[in-house]
Amino acid sequence: MEWDPQAAVTPLGQLPFFIEFLKVSGLLDTWVADCPLEYKSNNASEKRDILVTLLLSILAGHHRYAHITAIRQDGINPALFGVSQLVSEDTARRALLKIEESAGIDWLERHLSKTTKDLLSTPWILDLDTTVKCLYGKQEGAVVGYNPRKRGRPSHSYHSGLMANTRLALRVDVLPGNESAPIHSKRNFWSWFDALPKGHRPTIVRGDIAYGSESFLKEADQRNQPYLTKVKRSPVVKRLVRELFGENEWENAGQGWEGKESVLTLSGWSRARRVVALRREIKDGLLLTKKDKDQTKFMFLDKDKASAGYEYAVLVTSTDFSILTLAQMYRDRADAENNFDELKNQWGWGGFTTHYLARCQLVARMVALVYNWWTLFVRLAQPNKHFEAISSRPLLLHGVATQTRHGGQTRLTITSIHEKRTVIQSILTNLARF
């Protein structure tokens, strides 16, 4: 065996195609030029070196600053990005601390909106949700809050907005773990929303049960913004469902569901709102248990019995869509959970934490930006299907590239070990021509 640490090779052999996409589109150069990072020392690193290092680390699927060490000696891609070398993890971390928080957030949100603004003139749906990121240190904002899986674990709350179906991130706020309710991000969200031109606002805002509160619905009503959310099963809601169950003529809501609409005024609401109750009969497999001293007793509910069991949900909306449309629209919201899972577990939302919440704010937006860039690039390569990072990275990023120079010409030789390497070669070649 022989060791050659200076060889011009890279494990991200197909990255030059993505680099070309960033250069031709002008996304990379304008992002670097607008960065508010400034150094006074002549010995400081160039901001392009720092931003390219963070970009490469996020793209490679890293979750910690320490992982930057694994790509620092890439022998090909840094030069293609126009940098002499990648910086260390400490340099990258300290550089984010040099960026003033409000200026940095404005810079990243401006470039984040650039990836979606040309799509907003068509009818679109805004999906809102909050995801929890567990923390294992003493970071700023690491407090115990709502965490259904790891109770008692400190966390951060990521308040996010996505464009439905396109798999593109629109915005994100990082808040302490005990601020997972939408009311805590209300000011930032509605400031962002009000900045959208009226012709670019969503056809409907869609959220889970947390967004069915008066604090959110009232703000939407004041702006005449249509919405669709779920309502908590409070005693008043249960009483309404009980009354509706006794009525006939339930409408078909698709997927085995039935629906019936009504008007409801909860005690905390400022006005009456249209609600849609949905129910679906449980076909089989229902099992009830109860304790009799130390013995567990089971009661099987078979379908041949006269009684029927239902699962139900209640939606609140300001639209006049039919029950079938609303039910399907809310079911489609489940796809947004795949986005949040991808950003959290396959991209950097699950890491890059430091002791300062301001840096977490910047990196969260940076991850969303790189995620959007990569999503657009992959969609150019495969227009008819969305590939999550767990599939798209081996498909369009990973591969061994060797650089050789001869006769004044530099050549990259790419070797992919993917089973679909012939298809990949054809796709990337056609994309480069485009």
In terms of modelled amide H atoms, which long-range or inter-chain residues lie less than 5 Å from the amide H of L135? S155, H156
Would you indicate which of [x] 78, 50, 45; [y] 85, 53, 47; [z] 90, 54, 37 is the value of Cα extents along the principal axes in Å derived from the coordinates of this structure? [y]
If amide hydrogens are placed 1.01 Å from N in the peptide plane, which non-local residues have theirs closer than 5 Å to the one on R201? none
Pairs K40/K98; K138/K344; K114/K218; K150/K186; K117/K198; K114/K198: which are spaced more than 23 Å apart, C-alpha to C-alpha? K114/K218; K150/K186
In nm, spacing of pseudo-spin labels at S267 and N384 (7 Å Cα→C-beta vector): 5.6
Compute the FRET efficiency between E38 and S113 as 1/(1 + (r/R0)^6), taking r as their Cβ-Cβ distance and R0 = 22 Å, and round to the nearest 0.05. 0.40
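For the chain, what is the calculated [θ] at 222 nm in deg cm²/dmol (nearest 500), taking -39500 (n - 2.57) for each run of four or more DSSP H residues and dividing by its residue count? Mind showing how you got there, number by number?
Details: 14 runs with 158 residues, N = 434.
After summing the helix terms and dividing by residue count, I get -11000 deg cm²/dmol.
Restricting to Cα pairs below 8 Å that are 6+ residues apart, what does the relative contact order work out to for the chain? Please round to a whole percent.
On the way: 664 pairs, mean separation 86.7, N = 434.
After rounding, I find 20 percent.
Among the GluC sites (Glu not before Pro) within the range 333-421, which fall in a DSSP loop and have no more than 15 other Cβ atoms within 10 Å of their own Cβ?
E419
Please arrange L266, L119, L412 by how many other C-beta atoms lie within 10 Å of their C-beta, fewest to most. Numbers along the way, then the final one.
Working: L266 20, L119 12, L412 15.
Fewest-to-most Cβ neighbours within 10 Å comes out as L119, L412, L266.
Mind ordering 392-402, 88-98 by average Cβ neighbours within 10 Å, highest first? Write out the running numbers ahead of the final one.
Values: 392-402: 19.6, 88-98: 17.0.
Highest-to-lowest ranking by the protection proxy: 392-402, 88-98.
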Can you work out the Karplus-derived ³J(HN,Hα) for every residue in the range 216-230? Use 6.51 cos²θ - 1.76 cosθ + 1.60 with θ = phi - 60°, whole Hz, and x for glycine or proline. 8, 5, 5, 5, 5, 4, 4, 9, 6, 9, x, 9, 8, 9, 9
Lys and Arg at +1, Asp and Glu at -1: neighbours of P16 with Cβ under 12 Å from its Cβ sum to 0
Calculated FRET efficiency for the pair R233/I417, C-beta based, R₀ 56 Å, to 0.05: 0.60
In order through the range 99-106: 3J(HN,Hα) via Karplus (6.51 cos²θ - 1.76 cosθ + 1.60), integer Hz, x for Gly, Pro: 7, 5, 4, 5, 5, x, 5, 4
At 7 Å along the Cα-to-beta-carbon direction for both D29 and L97, put a label point, then send me their distance in nm to one decimal. 3.4
³J(HN,Hα) computed for each position of the range 327-339 - Karplus, 6.51 cos²θ - 1.76 cosθ + 1.60, integer Hz, glycine/proline x: 4, 5, 5, 6, 5, 5, 4, 4, 5, 5, 4, 5, 4
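Show me the ranking of peptides 246-258, 136-148, 319-331 by mean Cβ neighbours inside 10 Å, starting with the highest. Intermediate values should be presented prior to the final figure.
Details: 246-258: 12.9, 136-148: 14.7, 319-331: 16.5.
Highest mean packing first, the order is 319-331, 136-148, 246-258.
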Picking from F193, M163, T131, whose Cα lies most toward the positive end of the charge dipole for the range 76-205 (charges on Cβ: Lys, Arg +1; Asp, Glu -1)? T131
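Values in this text are rule-based calculations from the coordinates and carry no lab data. The shown structure was predicted, so the numbers you read here are calculated from the model rather than taken from an experiment. Glycine also receives a Cβ, built like all others from the backbone with ideal geometry; neighbour counts cover every protein chain displayed.
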